[in-house]
Amino acid sequence: MANRKRNIQMKLYVTVDEKRLIDEKMSQLPTCRYGAYLRKMAIDGYIIYTGTADIKAFTKELSAIGRNINQIAKRINAGGPAYQADMDEIRERLEEIWQLQRRILSSQR
């Protein structure tokens, strides 16, 4: 054991589903040794992190403008007047949404 190239042992526990996923992914490669596969993935594998704060803010803005549009549509369908202030608010919200979308897209580059 002292002459081993890899002399540090690491252990990990997985669930049945995690083991199944590891086996499925491992079957796509020409290896049948867990040690080689897990070592390769731990060292060379990619971690992809996607921040979703901007998308959550975008969704919140979309929901707000959707509620405003529904309220205005309900009033108009009931025979009520459409107010210029409502239309101006919708335009402002749309502009906010477009700015947020531009920021999200530019940060993804």
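The values are calculated or read from the model by the stated rules, or taken from the named source; none is laboratory data. Here the structure is a predicted model, which is why all the values come from computation and not from measurement. Here the Cβ positions follow ideal geometry from the backbone for every residue, glycine too, while neighbour counts run over all protein chains shown. Quick note on the areas: whole protein, heavy atoms, side chains included, nothing else; ligands and nucleic acids left out. Shrake-Rupley method; radii C 1.70, N 1.55, O 1.52, S 1.80 Å.
Check ALA36, ALA57, ALA53 and return the single one that is of a type in the set (A, V, I, L, M, F, W, C) and over 26 Å from the mean Cα position of the chain (by Cα).
Sole residue among the options that is of a type in the set (A, V, I, L, M, F, W, C) and over 26 Å from the mean Cα position of the chain (by Cα): ALA36.
Since THR31 meets every condition but one in (1) polar (S, T, N, Q); (2) more than 30 Å from LYS5 (Cα to Cα); (3) open to solvent by less than 60 Å² (accessible area, probe 1.4 Å), which condition does it not meet?
Answer for THR31: the failing condition is (2).
Does ASP88 meet the test of being over 30 Å from MET10 (Cα atoms) and surrounded by 12 or more Cβ atoms within 10 Å (Cβ to Cβ)?
no
For the range 58-79, state whether one or more residues are touching a residue at least 40 places away in the same chain (Cβ under 8 Å) and not charged (D, E, K, R).
yes
Is it true that ILE97 is in contact with a Leu (Cβ under 9 Å, 6 or more places away or on another chain) and not charged (D, E, K, R)?
yes
May I ask you to say which residue of ILE8, ILE55, ILE43, ILE48 is touching a residue at least 40 places away in the same chain (Cβ under 8 Å) and open to solvent by 80 Å² or more (accessible area, probe 1.4 Å)?
ILE55
Filter the range 58-78 down to the residues that are of a type outside the set (Asp, Glu) and open to solvent by less than 70 Å² (accessible area, probe 1.4 Å) and list them by number.
Scanning the range 58-78 gives PHE58, SER63, ALA64, ILE65, GLY66, ASN68, ILE72, ALA73.
Kindly check whether there is at least one residue in the range 92-103 that is out of contact with any helix residue (DSSP H, G or I) (no Cβ under 7 Å at 6 or more places or on another chain) and surrounded by fewer than 10 Cβ atoms within 10 Å (Cβ to Cβ).
The answer is no; no qualifying residue exists.
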